[in-house]
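What follows is a set of notes on a single structure, which appears directly below.
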Amino acid sequence: MKKIFAIAQKELSVYFRSPIAYVVLIVTIVIFNVFFFAIIDNNEEATLRDIFKVMEFLFVFIIPILTMKVFSEEKQMGTMEFLMTTPTQNNEIVLGKYLGVLLFFSFLIILTIPYYGIIEFFSRPDRMAILTGYIGIWLEGAFFISIGLMVSSWTKSQIVAAILSYLFLFLVYFSSLADKYTNGVVKAIVKYSNVMTHSENFIVGILSSSDLIYFFSGILFCLVMTRISIDTKIWDNV
Amino acid sequence: MISVKHISKQFGVCEALKNISFEIPSGEIVGFLGQNGAGKTTLMRILTAYLPPSSGEAFICGENILSHPVGIRRKIGYLPENPPLYSTMTVKNYLRFAARLKDVSVKYEKAQVDHVLSECHLLEVKDHLIATLSKGYKQRVGIAQAIIHEPEVIILDEPTNGLDPVQIQHVRQLIRRLESKRTVIISTHILSEIEQLAQRVLILKKGEIVADNAIEQIVVSDEKKQLFVTVKGKEEMIEQAVKEANDVKQINIKFLEDDLFEVHLENTNNVSHYNQMIQSFLKYQVKIVSMREKKNSLEEAFLKIHK
Ligand SMILES: Nc1ncnc2c1ncn2[C@@H]1O[C@H](COP(=O)(O)OP(=O)(O)O)[C@@H](O)[C@H]1O
Ligand SMILES: [Mg+2]
């Protein structure tokens with residue numbers, strides 16, 4: 001446990017010492033701001049529904065930037081050999097890194113809370129829907145991060161990690177576009193695997209176990225895959 | 001202490017290590033010597049449980065490396081070929097991070113960090129970002145992280161590679177100072193390195209151990225000692241004197257000036273201390289001006305092995 005925190009802490013300190021963190025924070029907030037006021041302007045509805053939609057769309061583009069270097073850079077710099085020759089379990093390495101990115105991501109989400117304040121101030125929003133909405137997009141981000149982490153564990157190259165992460169995130173995010181062209185079982189699979197099928201429910205205030213299972217099993221799967229690729233040092237063998 | 005039994009390692013078709021076996025007792029300083037690609041790094045990575053061997057077993061302090069990787073790593077301090085440093089961290093934060101991952105208890109963490117900072121002469125840069133350090137400093141930070149948990153075994157992969165002579169001197173002094181109770185393994189492709197640091201050398205060639213000897217043994221063993229004596233006297237007398245000394249064989253007599261000659265002798269008997277020869281010179285009234293013994297360097301031994 002101590003080591004998980006040590007790695008998470010290191011991960012955060014590396015973020016805040018690199019320009020990436022600040023660029024991501026600033027870009028996110030600026031874009032978010034623009035959308036926020038645009039949405040508020042032509043929509044009197046006092047929920048964060050559209051705001052959450054904008055957030056999850058942003059995450060698809062931002063999260064690969066946060067995760068691409070998590071393992072790739074360690075391998076590139078040779079520090080992976082350091083981590084793996086200390087008496088640290090591979091589980092602790094994976095969880096420490098996951099926690100690090102998750103904390104940074106949570107910080108990003110916390111930065112949006114003032115916007116909730118604005119809405120609360122001017123109207124009477126559906127508090128329950130906002131709470132579940134936050135839970136939903138947080139879980140969605142956590143899922144995206146686990147995908148990015150897994151991809152980053154496969155390769156030494158940050159660019160390759162970023163491109164593959166985009167590929168996977170686009171698949172789970174935009175696969176709803178294939179809805180029209182499929183039918184039967186395929187349609188059902190496409191629908192179930194699409195991330196918006198599940199985040200939608202959270203955003204409108206529905207907390208269902210099937211959606212929770214979707215996110216938790218997705219995260220677990222990606223973390224186990226990450227662990228396996230570290231165990232086998234897959235980046236050395238491909 | 002360290003026991004390696006029939007270790008082999010293949011990378012696809014490349015056989016990096018072929019049936020390697022050796023033992024290293026506690027407290028010994030051993031050098032792995034070999035050209036690039038000989039398998040030094042691979043061997044070290046197997047000893048640190050970073051890479052699994054394709055076949056064979058290795059034990060450290062009686063524990064099998066494969067079955068107790070975490071326990072083994074607690075006993076090993078390892079400096080990989082490229083010092084594994086985080087450029088955006090300060091030296092002190094990096095060492096603190098290393099201490100945490102290496103199970104240094106929170107209580108001793110600060111003391112231990114301070115200890116290695118001073119042992120590796122890093123106090124003046126402790127708050128600098130690692131990215132800003134010179135190569136010599138970076139290497140010392142690498143060694144500092146390797147020893148921070150007071151490991152029983154220290155494994156250093158080419159610790160002086162790419163440093164300038166002054167930095168090399170610093171790193172060597174640091175390695176020599178590592179307490180004598182520790183077992184130290186150093187790899188290098190530079191011979192003088194081993195001669196200066198190690199007590200024993202394992203020479204690797206294309207994944208095989210081609211020599212495993214104490215340094216003195218390798219240097220002395222298969223060559224006779226060469227002696228150069230500058231003497232003053234008549235040439236016939238000198239020749240006569242050499243003839244009478246059974247322990248030495250005359251190779252050459254070189255005329256220097258007037259009645260000064262340099263006699264090149266070869267010792268045929270390793271135990272002899274040239275007493276016979278000196279007495280015989282005295283008998284023939286040949287004056288000894290100076291004597292110098294030429295030791296075979298490890299380099300010559302090495303070149304022979306690699307012929
Ligand atoms: N991860 C790897 N994949 C494939 N071949 C490797 C790998 N690591 C080392 N080798 C090969 O194994 C041999 C020994 O390499 P190495 O142990 O690095 O030698 P040294 O450290 O003595 O220079 C070399 O021929 C090298 O190409
Ligand atoms: Mg090497």
With +1 on the Cβ of every Lys and Arg and -1 on the Cβ of every Asp and Glu, the dipole magnitude of the stretch A:2-232 about its Cα centre, in debye rounded to the nearest 20, is 520
Run the simple label-point estimate for B:HIS264 and B:ASN252 please: 7 Å along Cα→C-beta, distance reported in nm. 0.2
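When the dipole is taken about the Cα centre of chain B, and only Lys, Arg (+1) and Asp, Glu (-1) are charged at their Cβ, what size is it in debye, to the nearest 20? Please list the in-between numbers first.
Details: 40 positive and 38 negative charges, 194 e Å.
Taking the Cα centre of chain B as origin, the dipole is about 940 debye.
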Distance from the stretch B:4-40 to the stretch A:44-120 (C-alpha centre basis), Å: 42
I need two numbers for chain B: Rg to one decimal and Dmax as a whole number, Cα atoms only, in Å. 25.0, 79
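Using 0.36 nm times the number of residues separating B:LYS287 and B:ASN213, minus their current alpha carbon distance, what extension gain do you get?
Values: separation 74, 0.36 × 74 = 26.64 nm, distance 3.92 nm.
Extra length available between B:LYS287 and B:ASN213 comes to 22.7 nm.
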At a probe radius of 1.4 Å, what is the per-residue accessible area of A:ILE31, in Å² to the nearest 10? 60
Rounded to whole angstrom, the alpha-carbon centroid of the stretch B:55-84 lies from that of the stretch B:172-199 at a distance of 19
For the stretch B:87-183, which trypsin sites (Lys or Arg not before Pro) are in a loop by DSSP, counting at most 11 other Cβ atoms within 10 Å? B:LYS181
At a Förster radius of 25 Å, what calculated FRET efficiency corresponds to the Cβ-Cβ distance of A:ASN183 and A:PHE57, to the nearest 0.05? 0.40
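Nearest 100 Å² is fine: what is the total accessible surface buried where chains A and B meet, probe 1.4 Å? Write out the running numbers ahead of the final one.
Working: alone 12230 and 15450 Å², together 25230 Å².
Heavy-atom accessible area buried at this interface is about 2500 Å².
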Tell me the angle of helix B:106-119 to the major Cα principal axis of chain B, expressed in degrees between 0 and 90 and rounded to the nearest ten. 30
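Where does each of B:CYS14, B:CYS120 land when they are ordered by accessible area, with a 1.4 Å probe and the largest first? Numbers along the way, then the final one.
Details: B:CYS14 70, B:CYS120 0 Å².
Sorted descending by solvent-accessible area, the residues read B:CYS14, B:CYS120.
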Quick query: amide H of B:LEU156 versus all other amide H atoms, modeled in the peptide plane; which residues come in under 5 Å with a sequence gap of 5 or more or a different chain? B:LEU79, B:ILE185, B:ILE186, B:SER187
Give me the percent of the accessible area of the stretch A:2-232 that comes from carbon and sulfur atoms, probe 1.4 Å, all protein chains in place. 73
Candidate span helices, chain A: DSSP H, at least 24 Å along axis from Cα coords, Kyte-Doolittle average at least 1.6, result A:19-41
Residues from the stretch B:67-97 losing no less than 20 square angstrom of accessible surface in the full protein assembly compared with the chain alone, 1.4 angstrom probe, ligands and nucleic acids excluded, are B:VAL70, B:ARG73, B:TYR78, B:PRO80, B:PRO84, B:LEU85, B:TYR86, B:THR88, B:MET89, B:PHE97
Note, the stretch B:122-139: 3J(HN,Hα) by Karplus (6.51, -1.76, 1.60, θ = phi - 60°), whole Hz, Gly/Pro = x, goes 10, 4, 6, 10, 4, 9, 7, 5, 4, 4, 8, 7, 6, 4, x, 5, 4, 4
Between the Cα axis of helix B:91-101 and the main Cα principal axis of chain B, the angle (0 to 90°, nearest 10) is 70
Using helices alone, I'd like the mean residue ellipticity at 222 nm for chain B: each DSSP H run of four-plus residues gives -39500 (n - 2.57), total over residue count, nearest 500. -10000 deg cm²/dmol
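Mean separation of Cα pairs under 8 Å and 6+ residues apart, divided by the residue count of chain B: what relative contact order is that in percent?
Values: 584 pairs, mean separation 57.5, N = 307.
For chain B, the relative contact order is 19 percent.
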Rounded tilt (10° steps) of B:165-177 against the dominant C-alpha axis of chain B: 80
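Can you sort A:SER210, B:SER67 by solvent-accessible area, 1.4 Å probe, largest first? Could you put the intermediate results ahead of the total?
Numbers: A:SER210 55, B:SER67 75 Å².
Highest to lowest solvent-accessible surface, that is B:SER67, A:SER210.
Evaluate the charge dipole of the protein assembly as shown about its Cα centre and quote only its size in Debye, nearest 20, assuming +1 on the Cβ of each Lys and Arg and -1 on the Cβ of each Asp and Glu. Don't jump to the answer; show the numbers that get you there.
Numbers: 57 positive and 56 negative charges, 85 e Å.
It works out to roughly 400 debye.
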Would you please give the residues with an amide H less than 5 Å from that of B:ALA211, counting only those at least 5 places away or on a separate chain, with H modeled from the backbone geometry? B:ILE203
Please name whichever of A:ILE109, A:THR132, A:LEU171 sits farthest to the positive end of the charge dipole of chain A, dipole taken about the Cα centre and charges placed at Cβ: Lys and Arg +1, Asp and Glu -1. A:LEU171
Rg and Dmax of the protein assembly as shown, Cα atoms, in Å? 33.4, 121
Any chance you could get the radius of gyration and Dmax over the Cα atoms of chain A, in Å? 18.6, 58
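The values are calculated or read from the model by the stated rules, or taken from the named source; none is laboratory data. Since this is a predicted model, take the numbers as computed values, not measurements. FYI the Cβ positions are ideal-geometry reconstructions off the backbone, even for glycines, and counts take in every protein chain you see. Side chains are part of the model used for accessible areas, which takes the heavy atoms of the whole protein and leaves out ligands, DNA and RNA. Shrake-Rupley method; radii C 1.70, N 1.55, O 1.52, S 1.80 Å.
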